[in-house]
Amino acid sequence: VVMTQSPLSAPVILGQPASISCTSSLSLVYSNGKTHLSWFHQRPGQSPRRLIYEVSKRDSGVPDRFSGSGSGTYFTLKISRVEAEDVGVYYCMQGTHLPISFGQGTRLEIK
Amino acid sequence: EVQLVESGGASVQPGGSLRLSCAASGFTFSSYWMFWVRQTPERGLVWVSRINNDGSSAWYEDSVRGRFTLSRDNAKNTLYLQMNSLRAEDTAVYYCARDPDTSNKIDYWGQGTLVTVSS
């Protein structure tokens, strides 16, 4: 399954919202009705950290300014008010179809 | 606290071998399926392999099947990736990662270990 993110680069102003989209080449609805779409954040020199799983469920400790939405083949990660610590690369990942696959990444930078 | 610590990365010549290890702590290792994922600037994040909780089954990405072998020692809380016949295109940072509920999701990642294949 090909995961396509846009934009690939997102310059944003501190305090302003940001949005990243992720499109899959196949529906990500699993046989159990769940949708295995996750979002990760990777800071330079660090490993990815999961933010969102099953489209819209936030991981423990993730600020509520992060939200995920979507269904089927189109998904969105939104940051309501960007903070300096949010810089880095964001990846979507699908686990519905084997092999699991990732988007190419969206680099969030402060304008 | 869940911790995954990879080791074993090194610089090796084409055709050589390496064994990566991933030491797990902070959770009941024997209950979880585990992954290896590799990352390069050119290809991004790519799934390499997956193993079930008791080590009886493993799955591989097409380009590594037959060259890489994934195994685990649940008594030692350690995951292993034996990498043989290494190629330049295997150069990457290798991460081990945990599947939280046997559903091909990833929740925790290790810090990664760098493998460089070059003559």
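Rule-based calculations on the coordinates, nothing more; no lab input. In this text the structure is predicted, and so the values were computed from the model without any measurement. Heads up, the Cβs are rebuilt from the backbone with ideal geometry, glycines too, and the neighbour counts pull from every protein chain shown.
In plain terms, the chain from B:R67 to B:F27 could stretch by 11.4 nm, reckoned as 0.36 nm per residue minus the Cα-Cα distance.
When +1 charges are put on Lys and Arg Cβ atoms and -1 charges on Asp and Glu Cβ atoms, the dipole computed for chain B relative to its Cα centre reaches about 240 debye. Pairs of Cα atoms nearer than 8 Å and 6+ residues apart set the relative contact order; for chain A it is 38 percent.
Using a Cα distance threshold of under 27 Å, what count of lysine pairs results for the protein assembly as shown when pairs must be 8 or more residues apart or interchain? If you can, show how the numbers build up before the last one.
On the way: A:K34/A:K57; A:K34/A:K78; A:K34/B:K105; A:K57/A:K78; A:K57/B:K105; A:K78/A:K111; A:K78/B:K105; B:K76/B:K105.
Summing the qualifying lysine pairs gives 8.
Candidates B:L79, B:S57, B:V12 compared by Cα position along the dipole of chain B: farthest toward the positive end lies B:V12, with charges placed on Cβ.
Relative contact order, percent, of chain B when contacts are C-alpha pairs under 8 Å separated by at least 6 residues?
Working: 294 pairs, mean separation 41.9, N = 119.
Relative contact order for chain B comes out at 35 percent.
Does the protein assembly as shown come out rounded, prolate or oblate by the C-alpha gyration tensor, with a ≥ b ≥ c the root eigenvalues, rounded set by a/c under 1.5 and, if not, prolate when a/b is larger than b/c and oblate if not? It comes out prolate by the Cα gyration axes. If you sort the three axes of the alpha carbon gyration tensor as a ≥ b ≥ c, you get a/c of 1.5 or more for the stretch B:1-89 and a/b above b/c, which makes it prolate.
Quick one: among A:Y91, A:Y30, A:Y53, which has the greatest mean-square fluctuation in a GNM of chain A with alpha-carbon springs under 10 angstrom? Highest fluctuation among the options: A:Y30.
Ranked by Cβ crowding within 10 angstrom, fewest neighbours first, how are B:V115, B:V46 ordered? Could you put the intermediate results ahead of the total?
Numbers: B:V115 21, B:V46 18.
Lowest to highest Cβ neighbour count: B:V46, B:V115.
Residue exposure proxy: B:K105, A:K34, B:K76, ordered by other Cβ atoms within 10 angstrom of their Cβ from fewest to most, comes out as B:K76, A:K34, B:K105.
Name the most mobile residue of A:L77, A:L51, A:L98, meaning the one with the largest mean-square fluctuation, in a Gaussian network model of chain A with Cα contacts below 10 Å. Between A:L77, A:L51, A:L98, it is A:L98 that shows the largest mean-square fluctuation. For Cα pairs less than 8 Å apart in space and 6+ apart in sequence, what is the mean separation divided by the residue count of the stretch B:58-119, i.e. the relative contact order in percent? Computed over the stretch B:58-119, the figure is 25 percent. With springs only between Cα atoms under 10 Å, which of B:F27, B:F68, B:F35 fluctuates most in a Gaussian network model of chain B? Ranking B:F27, B:F68, B:F35 by mean-square fluctuation puts B:F27 first. Counts of other chain beta carbons within 10 angstrom of each beta carbon in peptide B:108-117 average 2.
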